[in-house]
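Structure first, then comments.
Since every read-out is calculated from the coordinates, none of them should be taken as a lab result. Nothing here was measured: the structure is a model prediction, and the numbers come from that model. Positions of Cβ are backbone-derived with ideal geometry, glycine not excepted, and every protein chain shown enters the neighbour counts.
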Amino acid sequence: MADLSVDLGFRTLKSPLIAASGTFGYGEEFLPFFDLDILGGVIMKGIFREPRPGNPPPRLHETPAGLLNSIGLAGPGSEKLQESIRRLRARTPVPIIVNVCGEDDDEFVAVAETFSAMAEVAMLELNISCPNVRQGGACPAQDAGHTARLVGRVKERIRKPLIVKLSPNVGDIVGVALAAQDAGADALSLVNTFLGLAVDIDARRPVFANIYAGLSGPAIKPLALRLVREVCRKAYVPVIGIGGISSGRDVLEYILVGAAAVQIGTINFREPAAALRITNEIEAEMERLKIGNLSEIRGQLQT
Ligand SMILES: Cc1cc2nc3c(=O)[nH]c(=O)nc-3n(C[C@H](O)[C@H](O)[C@H](O)COP(=O)(O)O)c2cc1C
């Protein structure tokens, strides 16, 4: 049998597959479909301190090979999420990861502290792609200096491993990745959604009230794979690859370019038990290619 475990340095996961934030609810919704404990982890939808209604509809728009979303980080607020996490923990031992958001840096730090204090939480993922509402609307991920300051402040106040999730909508993602790493990130995850635009020709208006929306799904896989490779070539902390993964073969592609683990997002909407199928496919591919553990091929892309 193939050994699916992956070593992140600070923690070993039983599988390279992690459910991506915003695409797996709060975990409980997926309990009827498969045993979540086959996963390396489950990431909660992004959370702010207070409840948020999110953006007006429409919030989703399908494209030929992807999904545009403009959810606006709707959510129940920190207190309610703590209850959801306790309920999920009572039903499965899968590692729970909290996707931390903030409308400004102080809020990021406060939310991170709250969930770092919870025994049920394994790690935090810092969603630095949130627009900084109280600081001009830019997100920390767009600026290496801002990323470094924020990651440094959060790291100082928490006692859990910190994954920093990068945005692809920047000029120099490697610069931001290294800034996060040098400021204390234990791992990097990439990518979040790519900004895109959908147009309604009858109304002569953008489909979304916010004009732009985030593209995910198979359409972004080649773009994300390139960015993951670029970051893996320069970073020494483990990288978690995200973008368009929908098969075991896709997972092996990310591992070959250097990822230590991966997240699956949009596929969970189309196929709620996708993680189970993909796990079986990874095992089958490993047996076919005579790989005992994925570390044997990690970063082994021949160029
Ligand atoms: C509907 C939706 C909601 C999302 N919400 C979040 C979120 O709250 N926090 C976050 O960091 N990423 C969020 N993402 C981004 C995903 O976690 C992931 O990075 C992205 O979808 C790319 O992976 P995929 O192509 O496998 O879907 C969301 C994506 C979608 C489609």
For Gly75, list long-range residues whose amide hydrogen, built 1.01 Å from N in the peptide plane, is under 5 Å from its own amide hydrogen.
Arg52, Gly54
Could you check what % of the DSSP bridge pairs in region 172-301 are antiparallel, to the nearest 5?
50 percent
Most mobile of Val121, Val231, Val191 per a Gaussian network model of the chain (Cα springs, under 10 Å)?
Val121
For region 180-287 the mean separation of alpha carbon contacts under 8 Å (6+ apart) over residue count, i.e. relative contact order in percent, is 25 percent
In region 264-300, which GluC sites (Glu not before Pro) are in a loop and have at most 13 other Cβ atoms within 10 Å, using DSSP for the loop call?
none
For Met44, Met1, Met118, Met286, what's the fewest-to-most ordering of other Cβ within 10 Å of each Cβ?
Met1, Met118, Met286, Met44
Can you flag which of Lys45/Lys165; Lys165/Lys221; Lys45/Lys160; Lys155/Lys221 are past 21 Å Cα-Cα?
Lys155/Lys221
What does the charge dipole of the chain about its Cα centre add up to, to the nearest 20 debye, if the Cβ of each Lys and Arg holds +1 and the Cβ of each Asp and Glu holds -1?
120 debye
Compute the distance from the alpha-carbon center of region 200-266 to that of region 29-52, in whole Å.
19 Å
Determine the relative contact order of the chain: mean sequence separation of Cα pairs under 8 Å and six or more apart, normalised by residue count, in whole percent.
19 percent
Sort Lys221, Lys290 so that the residue with the fewest other Cβ atoms within 10 Å of its own Cβ comes first and the one with the most comes last.
Lys290, Lys221
Calculate how many DSSP beta bridges within the chain are antiparallel, expressed in % of all such bridges and rounded to the nearest 5.
35 percent
Percent antiparallel among DSSP beta bridges confined to region 28-137, rounded to 5, stands at 40 percent
Ranked list, fewest to most other Cβ atoms within 10 Å of each Cβ, for Tyr212, Tyr254:
Tyr212, Tyr254
Nothing charged except the Cβ atoms of Lys and Arg (+1) and of Asp and Glu (-1): what's the magnitude of the dipole of region 1-113 about its Cα centre? Round to the nearest 20 debye.
360 debye
